[in-house]
Amino acid sequence: MRGLIAVTVVVILVLAVVLMGRSSARPAVEKPGATGTGPTQGVTALFPVKIVLECEEPATLEDKLPDGTVIWKQGQMTVGAVVKYLESPDGWIDEWVKGNPTERKVLKGKPGALPGKGSYVFDAPRDDTYYVNLRAKWYDDCGNSVWVKVDDSPWFELEDQNGQIGEKNYKWAWHQLYVRGHPKGFELKKGQHALWMDTREDGPRLDQWVVSTDANPPIGEAVQKK
């Protein structure tokens, strides 16, 4: 009887040693963002950055010509909620270049050539690729674009038909900066940067700029500031 008990004890001890060995050999699994000594030490989930800039609150803005002609002005309208925006009154470009009908086409096609530049300062919280989105209500097929650049980059043309209801009828919509059919990404370092816009056509109303690490444009209404 004593022999049987001794054998049983030995078997139990052997099983315990085997199970402990398997447990210690199993690799540690850590959740993203956890800190410790496991294989994912220091891994942090990166959530998309979304920087909201109100168009009617620029850091700098050339809003008038020397003769007092208004290039940009603030306005507001109610579309479910009150929308405050920056508007380029329709027709001022034609008046400005009156007497030289070829100049309008030349200046319109030359990046940054028309008056009306504005800048918006923002802080990038990390090194990453950032995309530029604009919420705007285009005026018509000849008032559906602006020039845009970030820091010292070249000027890029932001133009599309988003929000079109008819030839001279548009609704508020999101417009992402595309270059050659793809979202234009800007490689930005952590720190302060400037987004610049300039007149390309008169008439549009600009609500919000959203500078985001998400390559997908916002949808729906204006983005709420955090």
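Read the figures in this text as sums done on the coordinates, not as results from a lab. Because the structure is predicted, anything quoted here is derived from the model rather than measured. A quick note on method: Cβ atoms are made from the backbone with ideal geometry, for glycine too, and the neighbour counts reach across all protein chains shown.
Each pair of Cα atoms in the range 181-226 enters the Kirkwood radius, and Stokes-Einstein at 37 °C and 0.692 mPa s then converts it into a translational diffusion coefficient of 241 µm²/s. Note on the range 90-170: with charges restricted to the Cβ of Lys and Arg (+1) and Asp and Glu (-1), its dipole about the Cα centre is near 220 debye. log10 I(q)/I(0), Debye, Cα-only the range 50-212, no solvent, q = 0.11, 0.18, 0.20 Å⁻¹? At q = 0.11, 0.18, 0.20 Å⁻¹ the computed log10 ratios are -0.43, -1.16, -1.41. Annotation: amide H of CYS55 within the under-5 Å range of GLN208, TRP209, sequence separation 5 or more or interchain, hydrogens built in the peptide plane.
Excluding same-chain neighbours fewer than eight residues apart, the aspartates and glutamates reachable from LYS50 by a Cα-Cα span under 13 Å are ASP123, ASP128, ASP214. For GluC sites (Glu not before Pro), the sites in the range 103-198 that DSSP calls loop and that have at most 16 other Cβ atoms within 10 Å are GLU167.
May I ask for the net charge around GLU62, where only other residues with Cβ less than 13 Å from the Cβ of GLU62 are counted and Lys, Arg are +1 while Asp, Glu are -1? Here the charged neighbours net out to +1.
The alpha-carbon of LYS149 sits under 13 angstrom from the alpha-carbons of these aspartates and glutamates, leaving out residues fewer than 8 places away in its chain: GLU157, GLU187, ASP198. Which of the trypsin sites (Lys or Arg not before Pro) found in the range 47-134 are loop residues per DSSP with 10 or fewer other Cβ atoms within 10 Å of their Cβ? Those that pass, being in a loop and sparsely packed, are LYS98.
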